[in-house]
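See structure below.
The values are calculated or read from the model by the stated rules, or taken from the named source; none is laboratory data. Bear in mind the structure is a predicted one, so any value in this text is a computation, not a measurement. Every residue, glycine as well, gets a Cβ built from its backbone with ideal geometry; the counts of neighbours run over all protein chains shown.
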Amino acid sequence: MPKRLPFRYCPCCSTPLEKLDDHGHARPTCPLCGWVHYRNPVPAAGVILERKGEVLMVKRRYAPRVGAWCLPAGFMEYGETPEHCAVREVEEETGLVVRLTGLFGVYAGMDDPRARAVLILYTAEREGGRLHPGDDALEAEWFPRAALPRAIAFAAHRQALKDYFGRH
């Protein structure tokens, strides 16, 4: 069975799409109005929050990778800045209110089956709140470097933790 196009018809003019060359990439393109379907990465943001040598992680409630651990992070909403997204995700997933202290790093998220992501991670300090899992987290816990969970949901999070503990 041939691979189906993400869109079969142009969302602008309803013309059947064709795979046409777009700067060296075959992309679904409307031969009538020129609309091109770009499958671009989705921005996500999160936080590395440390307390006494331990980092905060959450256990995933929903697919993909239910029950695996990750840093508090999530996809940006339309019109939202990466900074606002990072702070919002921490509060939604852990109940903690944080203040960002700097940009930690940017990672390519290549192993999420929903979308390719660009993960923007910040360091932060706790300003308030009470730790409890919320939103899409089953648990929220602090982990020392020597006892990180075995099941970390995404390669970008594993790499960020390795980089973080390599610097601290």
Would you confirm whether any residue within segment 149-168 is under 14 Å from residue 86 (Cβ atoms) and of a type in the set (Ser, Thr, Tyr)?
no
Condition met for residue 73 (among the small types (Gly, Ala, Ser), at pLDDT 95 or above, surrounded by 12 or more Cβ atoms within 10 Å (Cβ to Cβ) and under 13 Å from the mean Cα position of the chain (by Cα))
yes
Is there a residue being out of contact with any Phe, Trp or Tyr (no Cβ under 8 Å at 6 or more places or on another chain), assigned to a loop (DSSP other than H, G, I, E, B), outside the structural domain of residue 113 (by TED's automatic domain parsing) and among the aliphatic types (A, V, I, L, M) anywhere in segment 31-40?
yes
Matching option when the condition is under 17 Å from the mean Cα position of the chain (by Cα), among the charged types (D, E, K, R), farther than 12 Å from residue 71 by Cβ and surrounded by fewer than 16 Cβ atoms within 10 Å (Cβ to Cβ), among 130, 114, 145:
114
Name the residue that is nearest to residue 165 (Cα to Cα), counting only residues in segment 123-152 that are touching an Asp or Glu at 6+ places or on another chain (Cβ under 7 Å) and in a strand (DSSP E or B).
144
Taking residue 118 as the residue in question, decide whether it is in a strand (DSSP E or B), free of Cβ contacts under 8 Å to residues at least 60 places away in the same chain and either under 20 Å from residue 41 (Cβ atoms) or not small (Gly, Ala, Ser) (or both).
no
Considering only segment 21-34, state which residues are surrounded by 11 or more Cβ atoms within 10 Å (Cβ to Cβ) and over 14 Å from residue 9 (Cα atoms).
22, 25
Which residue pairs have Cβ atoms closer than 7 Å, lie 6 or more positions apart in sequence or on different chains, and pair a first residue in segment 61-72 that is among the small types (Gly, Ala, Ser) with a second residue that is crowded, with 17+ Cβ neighbours inside 10 Å and not in a loop (DSSP other than H, G, I, E, B)?
67/59; 67/60; 68/60; 68/152
If you go through segment 48-82, how many residues are in contact with a Leu (Cβ under 6 Å, 6 or more places away or on another chain) and outside any strand (DSSP E or B)?
1
For residues that are assigned to a strand (DSSP E or B) and touching an Asp or Glu at 6+ places or on another chain (Cβ under 9 Å), tally how many sit in segment 83-102.
6
